[in-house]
Each structure stands twice: as C-alpha cells, then as structure tokens.
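Since every read-out is calculated from the coordinates, none of them should be taken as a lab result. What you see is a predicted model; the values in this text were computed from it and never measured. Every residue, glycine as well, gets a Cβ built from its backbone with ideal geometry; the counts of neighbours run over all protein chains shown.
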Amino acid sequence: MFYKKIVLFIFLLLLIYSSSEGQQFVNDIELPIRMTRSFGVSGNTGWNSLTGFGITIQNYFTPQIALDAGVGLSTLGVKFGGRVRYLFLTKNFSPFVSAGYIYGMGSNSNELELEDTDDSIIRFIVEPSNFIQLSGGIEYVSNGGFFIMTGIGYALLLNDNIILSSGSTPSDEMKSFLNVLYGSGFVVEVSVGYIFGRKKGYNKF
C-alpha cells in the first residue's frame, strides 16, 4: 500500500507542475505541443503491452509521428518493444494508431511448471518470442509536459514459442491457458510519464 501512495503522490506532483507552465508562441502563433516537447520517459504496463511492466521512451519526430521504445519484464521474460504511432491531431489531446514489434527473451531454457486441471504437472520451456503489435488509443501531453497514454489492440505471435519438456500431455484447457499467457492476444496498456521541453525552443520540421 505504501508504494501505491508514493506513485499517487508523484502522479499528482507531475500533474500540478504540468498545469503551471504555458505553451510556447512564435509570432503570436501557438506551436503544437509535440513541437516544443519532443522527448519523454514513461512507465508502461498492461496486457500484451510494449514492455509488460517497464520503462519506455517517446520521441516525436513531428507533431504527429512518434516512436516508442522500451524494455521490461513479462510472462515472456525480459521484453523489448518498439513501435511507430501516428497522431491524428496536433493538440494536447489526440487519438492515434500504431504498429510495432515486440521481442520476449523467453525462459532462457529454464523449465517452468503448471498444474493441469487433472492435477498433473505440465513442464515446458518458453522460447524467444516475436510479435507484431497493432493498436490504437488516445494520448494527452499537457503544456507542462505531463504525459498519459492508453491503447487497445492486438498482438500477433509470429513463431511457436512453447516446448513441452516433460510431464503429462496438456489438456485442451491448459493449451488455451498457455496460449493466453504466451501467445497472441488482445492488447490493453497504459503509459504515464513526462515529455521534456527542448532547450533550443522547438523543432523546425
């Protein structure tokens, strides 16, 4: 419970700080937020998310094109991910669509165990796993840099990644469960962080 209070406190501080800063102007024209703030760091988590539970960076090449990359931990072991997002708007709040690649390192040849529905033991190894992730969602970047993004979509497994090493043959229910844990599936994820301002003012795209 204590760590949740710390996270909530940091979240509120970021929100308060973000609301205290204004947007930049050039010749009285308000610049798009992702032109004045183009690089950020965030925490990322969710089901079939880019990192599982980890850290991501955001880099806005233009106010409407972003690259996310990150690393974290998941049921697939250490997980790396990268994707390109297209934002439909240049305002603080914008919907987006994205396409990316995810790589899970697996169990490093370590044998894992699960108990089947008939109480038998299933032993298996999770091989390195390759996914294509397609998603869409919404993101918000405040004038002060506070960043939050949420998305849904689908992650498609590109290779067989489960090797049965010993034990009983899995039941149909266990096969379905293994597929949920390690296979293709729906994406639900969220990222919260901070987008830094540019020392030189803004990107001239």
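A few remarks follow.
- Cβ-to-Cβ counts within 10 Å put GLU189, GLU111, GLU127 in ascending order as GLU111, GLU127, GLU189, the fewest first.
- Each of SER107, SER166 was scored by other Cβ atoms within 10 Å of its Cβ. Listed from fewest to most, they are SER166, SER107.
- From least to most packed, judged by other beta carbons within 10 angstrom and beginning with the fewest, PHE61, PHE131 follow the order PHE61, PHE131.
- Inter-centroid distance (Cα atoms) of the stretch 36-65 relative to the stretch 159-185, Å: 31 Å
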